[in-house]
Structure formats: C-alpha cells, structure tokens
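Chemist: I'd like to ask some things about the structure below.
The values are calculated or read from the model by the stated rules, or taken from the named source; none is laboratory data. Since the structure is predicted, the reported quantities are computational estimates derived from the model, not experimental observations. Every residue, glycine among them, receives a Cβ derived from its backbone with ideal geometry; neighbour counts consider all protein chains shown.
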Amino acid sequence: KAGVTQTPRYLIKTRGQQVTLSCSPISGHRSVSWYQQTPGQGLQFLFEYFSETQRNKGNFPGRFSGRQFSNSRSEMNVSTLELGDSALYLCASSPPRGTEAFFGQGTRLTVV
Amino acid sequence: GEDVEQSLFLSVREGDSSVINCTYTDSSSTYLYWYKQEPGAGLQLLTYIFSNMDMKQDQRLTVLLNKKDKHLSLRIADTQTGDSAIYFCAEIHSGNTPLVFGKGTRLSVIA
C-alpha cells in the first residue's frame, strides 16, 4: 500500500507570492491533517479535513487555507508569503475509525 | 491547556538501552504516540498506547504509561546507530482532535 505522498518535496518562493502544496493520503483514508514544523515552534497543527469538510483548525492566520477533494486528496495554500512561513509542511492521513496518523515526507518551503 | 514536554537531547552507546521520557498535562488524553523523524524525512509512527494501558511492548520498543503522573516513556532495547533520530511524543483526546506534539528528543547513538 502506498504511503502518504506530498508534492513538491522542495519549494523556494519570494515574499508576497502564494504557494500551493499537495497531499495524497493512503488509499481508503478520508482524514487529512496538515502540520507546520519549524525549529523554533516545533510541530503545530494547521487544519484537518474529513470528507471534503474542514473538521478542525489550528491557530494560524487566514493566509493559510486548505481544501479536500472527493478523492480525499488535499491541498493547502499560503498567500502573501512571509519569511516566517519557511518551514517543513507535513501532511498526515488517518484511517476510518482509527486514531493513528501516518505522515508524508513533507514539503520544505523556503521563502526568500 | 495542553502541553507536552520532552528533554531535548539523549546520548547512548550502541548496544545500551535508551529511555526517552515525556510528560503531558492534559488528563483527558486518550491516546499517546511515539514518532521518529530522521534527517530530511517525515514522521514515522513507531507505536502508540491507549490511556487505559500501563505498558505496551513491540519488539525492541517498550512504552510505559504512568497516568497518575502523566508520564510516558519509550525504551529502545539494544540501541543501534540507525536509531539516531528525533523522537516525538504526541497525544490526542479522541479520534477527531489533532495531535499535540512535544518538541522532540534528539537521540544520538555512539558506536
């Protein structure tokens, strides 16, 4: 069974630009969560989608948004990028009736 | 509020046992997890324990949970150089709530 796939693996963007990251969950998983990992703040929850609906949301500004498609694939978008948005963005999927979260390899975003 | 604390560094000799500790503040935590992160990689789920259990063993890994003290530990037996990584403790309240992570413990294994 293929794992969680995140694309792209690396991105370099300029301040003020926007970026879209993609996550394909494990087949059969309908819950997709996004986390931001930085050296200073550690792992912080962004949002979670289940069956195309946002089920939970972390404490991030409105520049961070996401969505989920009918095939459970998810995208997150960051608009008006700031230097502080440089981070590893991790996506995780969870099985139906399960509490385990399986993570992808992450997308390393660098804002210059 | 929710908080998960871990010591930042641990160094052990190859072949010894490693014990990584974690404390959490939320008594309503239902599941507690251990994840491993190698350089440049995502998080690998190692094991997890339900809050009504005291211990769980899986090959070289032993998880101990002291619910009264809100203390969780991960013991790695016969630690190998391939175990060098950052280990994260995490907790959730229920299946529909997000994971809350500690800052991670960097394990260095000396050959």
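Chemist: Within the range B:26-34, does at least one residue satisfy the condition of being modelled with pLDDT under 95, within 21 Å of B:PRO98 (Cα to Cα), touching an Asp or Glu at 6+ places or on another chain (Cβ under 7 Å) and more than 14 Å from chain A (Cβ to nearest Cβ)?
Modeler: Yes; the residues of the range B:26-34 include at least one that is modelled with pLDDT under 95, within 21 Å of B:PRO98 (Cα to Cα), touching an Asp or Glu at 6+ places or on another chain (Cβ under 7 Å) and more than 14 Å from chain A (Cβ to nearest Cβ).
Chemist: Kindly provide the set of residues from the range A:68-112 that are under 21 Å from A:PRO25 (Cα atoms) and hydrophobic (A, V, I, L, M, F, W, C), ordered by number. Full working, then the answer.
Modeler: Within the range A:68-112, the subset under 21 Å from A:PRO25 (Cα atoms) is A:68-78, A:87-109.
A:PHE69, A:MET76, A:VAL78, A:ALA87, A:LEU88, A:LEU90, A:CYS91, A:ALA92, A:ALA101, A:PHE102, A:PHE103, A:LEU109 - these are the residues of the range A:68-112 that are under 21 Å from A:PRO25 (Cα atoms) and hydrophobic (A, V, I, L, M, F, W, C).
Chemist: May I ask you to say which residue of B:ILE49, B:ILE20 is among the β-branched types (Val, Ile, Thr) and either more than 14 Å from chain A (Cβ to nearest Cβ) or surrounded by fewer than 17 Cβ atoms within 10 Å (Cβ to Cβ) (or both)? Break it down into steps so the answer makes sense when it comes.
Modeler: Details: B:ILE49 fails: either more than 14 Å from chain A (Cβ to nearest Cβ) or surrounded by fewer than 17 Cβ atoms within 10 Å (Cβ to Cβ) (or both).
Exactly one residue qualifies, and that residue is B:ILE20.
Chemist: Just one of B:ARG60, B:ARG106 is closer than 23 Å to A:PRO39 by Cα and among the charged types (D, E, K, R); which is it?
Modeler: Numbers: B:ARG60 fails: closer than 23 Å to A:PRO39 by Cα.
Of B:ARG60, B:ARG106, the one residue that is closer than 23 Å to A:PRO39 by Cα and among the charged types (D, E, K, R) is B:ARG106.
Chemist: Answer with yes or no whether B:GLU38 is at pLDDT 95 or above, within 14 Å of another protein chain (Cβ to nearest Cβ) and more than 20 Å from A:PHE45 (Cβ to Cβ).
Modeler: Numbers: at pLDDT 95 or above: yes; within 14 Å of another protein chain (Cβ to nearest Cβ): yes; more than 20 Å from A:PHE45 (Cβ to Cβ): yes.
In short, yes.
Chemist: Residue by residue through the range A:102-111, note down the ones that are within 7 Å of chain B (Cβ to nearest Cβ) and crowded, with 21+ Cβ neighbours inside 10 Å. Don't jump to the end; show me each part of the working.
Modeler: If we filter the range A:102-111 for residues that are within 7 Å of chain B (Cβ to nearest Cβ), which is where we start, we get A:102-106.
Matches in the range A:102-111: A:PHE103, A:GLY104, A:GLY106.
Chemist: Filtering the range B:71-110 down to residues that are within 15 Å of B:ASP3 (Cα to Cα) and surrounded by fewer than 20 Cβ atoms within 10 Å (Cβ to Cβ), which residue is nearest to the other protein chains (Cβ to nearest Cβ)?
Modeler: For the range B:71-110, the residue satisfying everything is B:LYS103.
Chemist: Cβ contacts < 6 Å: first residue within 13 Å of another protein chain (Cβ to nearest Cβ) and closer than 16 Å to A:GLY3 by Cα, restricted to the range A:74-101; second residue of a type outside the set (D, E, K, R) and surrounded by fewer than 17 Cβ atoms within 10 Å (Cβ to Cβ), any location; separation 6+ or different chain. Result?
Modeler: Final answer for the pair search is A:GLU100/B:LEU45.
Chemist: Follow-up question, since we're still on this one. On the given criteria, is A:SER27 over 20 Å from B:PHE88 (Cα atoms) and not hydrophobic (A, V, I, L, M, F, W, C)? Write out each step before concluding.
Modeler: Working: over 20 Å from B:PHE88 (Cα atoms): yes; not hydrophobic (A, V, I, L, M, F, W, C): yes.
So A:SER27 passes the test.
Chemist: For the range A:31-76, which strands (runs of 3 or more DSSP E) that fit wholly inside it have 2 or more residues that are among the aromatic types (Phe, Trp, Tyr) and in contact with a Leu (Cβ under 7 Å, 6 or more places away or on another chain)? It would help to see each step written out before you state the result.
Modeler: Values: elements: A:31-38, A:42-50, A:53-57, A:64-68.
It comes to A:31-38.
Chemist: Considering only the range A:1-14, state which residues are more than 12 Å from A:LEU109 (Cα to Cα) and part of a loop (DSSP other than H, G, I, E, B).
Modeler: Once the filter is applied, which keeps residues that are more than 12 Å from A:LEU109 (Cα to Cα) and part of a loop (DSSP other than H, G, I, E, B), the range A:1-14 yields A:LYS1, A:ALA2, A:GLY3, A:VAL4.
Chemist: I'd like to check something: does the range A:53-67 contain any residue that is out of contact with any His (no Cβ under 9 Å at 6 or more places or on another chain), more than 14 Å from chain B (Cβ to nearest Cβ) and of a type in the set (D, E, K, R)?
Modeler: Yes, the range A:53-67 contains at least one residue that is out of contact with any His (no Cβ under 9 Å at 6 or more places or on another chain), more than 14 Å from chain B (Cβ to nearest Cβ) and of a type in the set (D, E, K, R).
Chemist: What strands (runs of 3 or more DSSP E) lie completely within the range B:1-107 and have 2 or more residues being of a type in the set (A, V, I, L, M, F, W, C)? Before the answer, list the steps.
Modeler: Values: elements: B:4-6, B:9-13, B:18-24, B:31-37, B:43-50, B:55-58, B:61-66, B:71-76, B:85-92.
Ranges flagged: B:9-13, B:18-24, B:31-37, B:43-50, B:61-66, B:71-76, B:85-92.
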